[in-house]
1. Starting from the Cα of residue 67, step 7 Å along the direction of its Cβ; do the same at residue 53; then give the gap between the two resulting points in nm.
2. Quick check on the chain: helices-only [θ] at 222 nm, where DSSP H runs of length 4 and up contribute -39,500 (n - 2.57) each and the sum goes over total residues. Nearest 500, please.
3. Starting from the Kirkwood Rh over alpha-carbon pairs, what translational D in µm² s⁻¹ does the chain have by Stokes-Einstein at 37 °C and 0.692 mPa s?
4. In nanometres, what is the gap between the two model label sites at residue 12 and residue 46, each 7 Å from Cα along Cα-to-Cβ?
5. What is the helix-to-structure angle for 45-68, meaning the angle in degrees between its Cα long axis and the longest Cα principal axis of the chain, kept from 0 to 90 and rounded to the nearest 10?
6. Under the Karplus relation 6.51 cos²θ - 1.76 cosθ + 1.60, θ = phi - 60°, what is the ordered set of whole-Hz ³J(HN,Hα) values for the range 38-44, x standing for Gly and Pro?
7. Cross-link partners among lysines for residue 46, C-alpha distance below 18 Å, same-chain residues fewer than 8 apart left out?
8. What percent do you get for the relative contact order of the chain when only Cα pairs under 8 Å and 6+ apart count?
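What follows draws every value from the coordinates through simple rules; no lab data is involved. On a predicted model such as this, the values are computed, not experimentally measured, just so you know. In this analysis, Cβ positions are derived from the backbone assuming ideal geometry, glycine residues included, and neighbour counts consider all displayed protein chains.
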Amino acid sequence: MDGQMRGSERFTYDKSWEEIEAKLDEAERLQNAHYTALQKGGLTRKQKLHHMKQYKGLEGAVATLRWALGDPQFDPLTGKRD
């Protein structure tokens, strides 16, 4: 396969809990910044769309990171559980 990695060969599993928590904090801060930008108003349609896409994309990242940290209220496939 010309040096290409397959399956689990490409995963290193070398992230510490602190690194995962820092990435979660970063994702939540970015998500909040996009939400705040949407709430301020005065945006063009293109700007609104950008902030909405970023917000929704970060929802998945937040759910996945919370799941990886063991938060029972989050599932990476469905988001937050009720």
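1. It works out to 2.4 nm between the two label points.
2. Values: 2 runs with 48 residues, N = 82.
It lands at -20500 deg cm²/dmol.
3. Calculated translational D: 223 µm²/s.
4. A separation of 3.8 nm, rounded to one decimal place.
5. 40 degrees
6. 3J(HN,Hα) across the range 38-44, in whole Hz: 5, 6, 5, x, x, 9, 6.
7. 56
8. On the way: 58 pairs, mean separation 21.5, N = 82.
In percent, rounded to a whole number, it is 26.
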